[in-house]
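Colleague: Right, I'll just put the structure down here and ask away after.
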Amino acid sequence: MHAVLLDKAHHAIKEKLPERGNDHRLGFHLSPPVGWMNDPNGLVYFRGEYHVFYQHHPYSPQWGPMHWGHAKSHDLVHWEHLPIALAPSDPYDRDGCFSGSAVVVDDTLYLIYTGHVWLGSPRDDNHIQQVQCLASSTDGITFTKHGVIIDAPPEPEIMHFRDPKVWKRGEQWWMALGARKGDDPQLLIYRSVDLYHWEYLSCALQGVRESDGYMWECPDLFELDGSDVFLYSPQGLKPSGYANWNKFQNSYRLGKLDDSGHFNPSAALHELDHGHDFYAAQTLLAPDGRRLLWAWMDMWDCPMPSQAQHWCGALSLPRELSREGDRLRMRPARELTALRKSQHGLQIPVVESASRPLDVRGALLEIEIELDLAGSTAEHFGLALRCSEDQHERTLLYFDAMARRLVLDRQHSGAGVSGVRSVPISPEQTRIALRIFLDRSSIEVFVDDGAYTMTSRIYPRPDSLGISAFAVNGTGVFGDLEAWELTDLKI
Ligand code: FRU
């Protein structure tokens, strides 16, 4: 049955491909050939290659019964799409192969995922069954399902119980699961010696609805630079000040996971990225010891204009994680410099209460520039990106001197999207260093060497390619701009 359903899905993709529109198609980000994509799943290094799986609905660009899409890369830059790895084909995963992770044992690749079943009507979240399941592959392409490995939550009040993240701790396998008990979120830990038989160990952390949301999706737990990190996607946090304005968040807490399976937080909750579109991040440990992270570069219930062109969803660029104090830093994976083609260096004269078009254009660009705060008097100054000739379309990235914040403004970023996000700039800071990746429908901003990041989808027209430097009510002083056209890999 599984093989039949995989064939059917591949056939559907092949039929639809010629109809796909490419106006917003990303050049160097992973997105599904056609259909829908959400969370990254099963990030793993297997036989010399990085494998990325993802939540996928091959039959339409809407969320539906989840499959696991699959791609691999030898260098984190060039990606090859592979056949779909998992389709919902059995009674226990009938309505979806939900998110999960991957591990390698003796040259066999194992996928651990959540089998989802609607017990009432489809989409009725109050009547569901979720179980944890195992599949494996010896060639990294074709997967055999081994069925259910955890058939019920540890307590009857828990119904939502999903997104297993498995890793080796000492001699045993540990699994972290996100759960919802009543209206409160939980992080659960299971243990196993063989991946097939699991025992419930602990509720590692328990939250309360008011301050922690109602569900922690897509947990990840790993050691980083001497601390443990609990990375997760909380649902139900309320906006507060500048924080938590996306429908759901992607957050982390530092602390220590002890041998009895309890996570003792040592620092407050922080948002991981500060743009509009970043969710369900997961990590893998690269062979050279780097902790690499990908997220779904979209958000639930947001406009997705590419649906009209038969595809939607993308993953962020891979990022290298590090820790400084109680904060994580995210830098673009160093391999990504291989995307660079021709280079432009520009000196930008002081801009005074004006907007000055720059001699660099493009939809696929990497840009490095510093904003000189000490030398500037403007209320706002920065860059307008992906500008149309008439300037009606533009995506703004600027320093707001009154609020002392760096602002990403996509009020005029093209079809569908809107809204503003920002990060704080400390009173002592005299410069802001920006590294920006533009793809046809995305912007990723790495601020001050990854101390903050802002990731958002934008949907400008294909011919909105201009860049300007601007300053409002005063002078804006810019460091030299360095820009690279980036390779269109048509992934
Ligand atoms: C997170 C999530 C997961 C779930 C998956 C279903 O975005 O809701 O909790 O496994 O998406 O597609």
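Colleague: Listed residues LEU201, LEU237, LEU187; which is in a strand (DSSP E or B), out of contact with any Lys or Arg (no Cβ under 7 Å at 6 or more places or on another chain), over 16 Å from VAL131 (Cβ atoms) and of a type outside the set (D, E, K, R)? Spell out how you get there, then give the answer.
Modeller: Numbers: LEU201 fails: out of contact with any Lys or Arg (no Cβ under 7 Å at 6 or more places or on another chain); LEU237 fails: in a strand (DSSP E or B).
The match here is LEU187.
Here is a yes/no grid of residues against (1) out of contact with any helix residue (DSSP H, G or I) (no Cβ under 9 Å at 6 or more places or on another chain); (2) within 15 Å of the ligand (Cβ to nearest atom); (3) closer than 30 Å to ALA338 by Cβ:
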residue	(1), (2), (3)
TRP68	yes, yes, yes
PRO83	no, no, yes
ASP90	no, no, no
HIS116	no, yes, no
HIS127	yes, no, no
CYS133	no, yes, no
HIS146	yes, no, no
MET159	yes, yes, no
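Colleague: Give region 141-153 a look and list any residue that's surrounded by 20 or more Cβ atoms within 10 Å (Cβ to Cβ), touching a residue at least 40 places away in the same chain (Cβ under 8 Å) and part of a loop (DSSP other than H, G, I, E, B), or say none.
Modeller: PHE143 - this is the single residue of region 141-153 that is surrounded by 20 or more Cβ atoms within 10 Å (Cβ to Cβ), touching a residue at least 40 places away in the same chain (Cβ under 8 Å) and part of a loop (DSSP other than H, G, I, E, B).
Colleague: Ok, one more. Just the residues that are out of contact with any Lys or Arg (no Cβ under 9 Å at 6 or more places or on another chain) and not hydrophobic (A, V, I, L, M, F, W, C), please, taken from region 462-491.
Modeller: ASP463, ASN473, GLY474, THR475, GLY476, ASP480, GLU482 - these are the residues of region 462-491 that are out of contact with any Lys or Arg (no Cβ under 9 Å at 6 or more places or on another chain) and not hydrophobic (A, V, I, L, M, F, W, C).
Colleague: Does region 351-361 include one or more residues that are at pLDDT below 95, of a type outside the set (Ser, Thr, Tyr), surrounded by fewer than 16 Cβ atoms within 10 Å (Cβ to Cβ) and more than 29 Å from TYR59 (Cα to Cα)?
Modeller: No, every residue in region 351-361 fails to be at pLDDT below 95, of a type outside the set (Ser, Thr, Tyr), surrounded by fewer than 16 Cβ atoms within 10 Å (Cβ to Cβ) and more than 29 Å from TYR59 (Cα to Cα).
Colleague: If you scan region 214-235, which residues turn out to be at positive phi and within 13 Å of the ligand (Cβ to nearest atom)? Talk me through it step by step, then tell me what you get.
Modeller: Start the filter on region 214-235 by keeping residues that are at positive phi, which leaves 218, 225-226.
Scanning region 214-235 gives a single hit, CYS218.
Colleague: Across region 236-271, which residue is nearest to TRP294 (Cα to Cα) among those that are within 14 Å of the ligand (Cβ to nearest atom) and in contact with a strand residue (DSSP E or B) (Cβ under 6 Å, 6 or more places away or on another chain)? Spell out the reasoning first.
Modeller: Taking region 236-271 as the starting set, the residues that turn out to be within 14 Å of the ligand (Cβ to nearest atom) are 236, 246-251.
From what is left, the residues that are in contact with a strand residue (DSSP E or B) (Cβ under 6 Å, 6 or more places away or on another chain) are 248-251.
Details: PHE248: 17, GLN249: 15, ASN250: 12, SER251: 14 Å.
So the residue we want is ASN250.
Colleague: Condition (residue is among the basic types (Lys, Arg), more than 28 Å from HIS67 (Cα to Cα), more than 16 Å from the ligand (Cβ to nearest atom) and touching a residue at least 24 places away in the same chain (Cβ under 8 Å)) applied to region 198-210: is it met by at least one residue? Walk me through it before giving the result.
Modeller: We begin by selecting, within region 198-210, every residue among the basic types (Lys, Arg); these are 209.
Filter again for more than 28 Å from HIS67 (Cα to Cα), leaving 209.
With the extra rule that they be more than 16 Å from the ligand (Cβ to nearest atom), the set shrinks to 209.
From what is left, the residues that are touching a residue at least 24 places away in the same chain (Cβ under 8 Å) are 209.
Yes; the residues of region 198-210 include at least one that is among the basic types (Lys, Arg), more than 28 Å from HIS67 (Cα to Cα), more than 16 Å from the ligand (Cβ to nearest atom) and touching a residue at least 24 places away in the same chain (Cβ under 8 Å).
The values are calculated or read from the model by the stated rules, or taken from the named source; none is laboratory data. Owing to the predicted nature of the structure, the values given are computational and were not obtained by experimental measurement. Because the Cβ atoms are built from the backbone with ideal geometry, glycine has one as well, and the counts that use them run over all protein chains shown.
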